[in-house]
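Following: one structure in structure tokens, then a few remarks.
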Amino acid sequence: MAEAIQQTTGLADATTRILAARGVAPENAAAFLTPKLRDLMPDPRSLKDLETAAQRICNAVKKRERVAIFADYDVDGGASAALLLDWFRQQGRDATLYVPDRIDEGYGPNAPAMSALADGHDLIVCVDCGTLSFDAIAAAKAADVVIIDHHLAEETLPDALAVVNPNRQDESGELAHLCAAGVVFLVLVEANRQCRESGATPPNLMSMLDLVALATVADVAPLIGLNRAIVTQGLKVMANRARPGLAALADVAGLNTPPAAYHLGYVIGPRVNAGGRVGRADLGARCLSATDPDEARAMADRLDEFNRERREIEARVRDAALSQAEERGIDGPLVWAAGENWHPGVVGIVAARLKEATGRPAVVIGLENGEGKGSGRSIKGVDLGSAVQMLAGEGMLIKGGGHKMAAGLTVAADKLEPAMERLAELLSRQGAGQEGPRDLCIDAALMPGAASVELVEEFEAAGPFGQSAPAPRFAFPDVQILHARQVGSGHLKVSFGDGLGARLEAIAFDAWDTHMGQALSTKGSSRFHLVGRLGISHWGGRQSVELRLEDAAPALETC
């Protein structure tokens, strides 16, 4: 297959091998490498209620009505809100932003907030939330409510004017991979069409793809189909640095190169999230929608401070949760931990860490005043959101929902143990816990001297890489560990070579205190097999290749 792709396209061997491994046919290779939005764009009106939602939003502009945007506090919610704020602002209307406090109000619309917003607004648009908020939507009787979401829905829907959600049960599921910002983008595409029909000049949506790309990657949406085109084009828009908030976030993070998908998920995304996790809930959305560079920089600086605080809190909860999970056992279909006063803003991140460490779906819960608020992360092939939703339907949770890879829940402390037992049972039926040791799929083996900047640039043409489109993984067999040390807050930095003069740097984040970190740092000059993904590091105006280390094993000595 790789040879056929090479003959058809003339691409480098490294790129064609990656495309072949991803199942790309030779005749589709060129289109895969340069995905065009116009080729992959569906008819937005194929989604139920979307035309109604777009028309109501357009009418709000025409009639100069008062509009409120109720958004979730994560990156997807913040980017979705910023999209709408930008769209309304470009047409001379300032919308009100409301983001609930994670601790005081919890996830999604609540009745007091919605009732208050309805008293002062004609239209409320709920983004990245609302699909399961029956009572809260009912409380907003004085205003029209439009819901734009992507979380799993029940058979019945809230009594809103429109519920646009590709994960409604009466949808085909063809667009189920979109994040909320992707759905908002489709709504605005239709709104722009209606604006043009009425003789108005609508905003340029292509310039907003930077926000959609950020949300798509940060919300771990699969980089397939339309999502792939969105991220590819969005990264180009972001490289222009025209959005003050994103430019400021890149600057405070020390990002001095055009952003890649990796930076959206691991550099910019966490900072946008930090406000909702441990600081001010609406700060991320306000930074993304800022128009003044000085204001954007001030908000980005504050988000950076919140992110440092988040990391410190996360480290404490992570250590306690991992210890508890190991004591309970990590070989079953579910790994979980719960603790008094664990900060609700970091339980989702810690759940992700447990999932990565164990290869099992994981749930982490913070307990306070007899109630637990938790978050879960899943593995490929196991739908955590539907299991949590079923648990809530059975009355074992106060509430719960989400999507395949992530879910949130609230549970009474006295029902915690039976609820987790039942959740484990539901996940077991999907195959969780039946896996053996996790396999690392390796694309190729390299010697350190072969890992050049040119090679990395060649295979990066097959990107962007992310969920459902992983970057290639390389093995470096039987290399000598030259040096291993701790850098930053618990990160592992390794230098290794082949004994012939070539050497390479590697980094493993949060790995200093792991078994791998201890093995590499205490066995100096030993030989190991190393596995990871290659990237380009920019430092001091120079480019160099760096291995993002994922695993290591001692190289067996032979007689």
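The values are calculated or read from the model by the stated rules, or taken from the named source; none is laboratory data. The model shown is predicted, which means the values in this text are computed figures rather than measured ones. Quick reminder, even Gly has a Cβ in these numbers, built from the backbone with ideal geometry, and neighbours come from all protein chains shown.
Remarks
- Residue 231 vs. criteria at pLDDT below 95 and aliphatic (A, V, I, L, M): no
- Residue 300 vs. criteria modelled with pLDDT of 95 or more, touching a Cys at 6+ places or on another chain (Cβ under 8 Å) and crowded, with 23+ Cβ neighbours inside 10 Å: yes
- Scope region 345-364; condition farther than 12 Å from residue 407 by Cα, crowded, with 23+ Cβ neighbours inside 10 Å and touching a residue at least 40 places away in the same chain (Cβ under 8 Å); matching residues: 345, 346, 360
- For residue 453, the conditions (1) without any contact (Cβ under 8 Å) to a residue 60 or more places away in the chain; (2) surrounded by fewer than 20 Cβ atoms within 10 Å (Cβ to Cβ); (3) more than 22 Å from residue 222 (Cα to Cα) are fulfilled apart from (1).
- Each residue in region 362-376 was checked for being at pLDDT below 95 and within 22 Å of residue 431 (Cβ to Cβ), and 0 of them qualify.
- Condition check for residue 271: in contact (Cβ under 8 Å) with a residue 12 or more places away in the chain, of a type in the set (Lys, Arg), at negative phi and surrounded by 22 or more Cβ atoms within 10 Å (Cβ to Cβ): yes
- Selection within region 447-499 - in a strand (DSSP E or B) and under 26 Å from residue 9 (Cα atoms): 466, 469, 474
- Entirely in region 113-171, the strands (runs of 3 or more DSSP E) that have 3 or more residues that are not small (Gly, Ala, Ser): 123-127, 144-148
- Highlighted here are the helices (runs of 4 or more DSSP H) found entirely within region 275-393 that include at least 3 residues which are among the charged types (D, E, K, R) and touching a Leu at 6+ places or on another chain (Cβ under 9 Å): 293-328.
- Taking region 70-99 as the range and being out of contact with any Cys (no Cβ under 8 Å at 6 or more places or on another chain), over 19 Å from residue 244 (Cβ atoms) and buried (at least 24 other Cβ atoms within 10 Å of the Cβ) as the test, the residues that pass are 73, 74, 99.
- Some residue of region 411-432 being under 26 Å from the mean Cα position of the chain (by Cα), assigned to a strand (DSSP E or B) and modelled with pLDDT of 95 or more: yes
- Residue match in region 285-294 (condition: closer than 30 Å to residue 541 by Cβ, among the acidic types (Asp, Glu) and assigned by TED's automatic domain parsing to the domain that holds residue 210): yes
- Flag if residue 277 is under 16 Å from the mean Cα position of the chain (by Cα), farther than 23 Å from residue 176 by Cα and not β-branched (Val, Ile, Thr): yes
- Hey, residue 250 assigned to a helix (DSSP H, G or I) and either surrounded by fewer than 19 Cβ atoms within 10 Å (Cβ to Cβ) or without any contact (Cβ under 8 Å) to a residue 40 or more places away in the chain (or both) or not: yes
- Look at region 159-180: where a residue is farther than 9 Å from residue 49 by Cβ and a partner is acidic (Asp, Glu) and surrounded by fewer than 20 Cβ atoms within 10 Å (Cβ to Cβ), sitting 6+ places away or on another chain with Cβ atoms under 7 Å, you get 169/155.
- Pairs, first in the same structural domain as residue 192 (by TED's automatic domain parsing) in region 69-93, second basic (Lys, Arg) and modelled with pLDDT under 95, C-beta under 6 Å, six or more apart: 73/102
- Restricting attention to region 500-542, the residues that are assigned to a loop (DSSP other than H, G, I, E, B), in contact with a helix residue (DSSP H, G or I) (Cβ under 7 Å, 6 or more places away or on another chain) and either touching a residue at least 60 places away in the same chain (Cβ under 8 Å) or not assigned by TED's automatic domain parsing to the domain that holds residue 453 (or both) total 0.
- Note on region 10-76: enclosed helices (runs of 4 or more DSSP H) holding 3 or more residues that are under 30 Å from residue 96 (Cα atoms) are 50-62.
- Within region 324-340, residues that are farther than 12 Å from residue 363 by Cβ reach partners that are modelled with pLDDT under 95 and part of a strand (DSSP E or B) with beta carbons closer than 9 Å, at six or more positions or on different chains, in the pairs 340/368.
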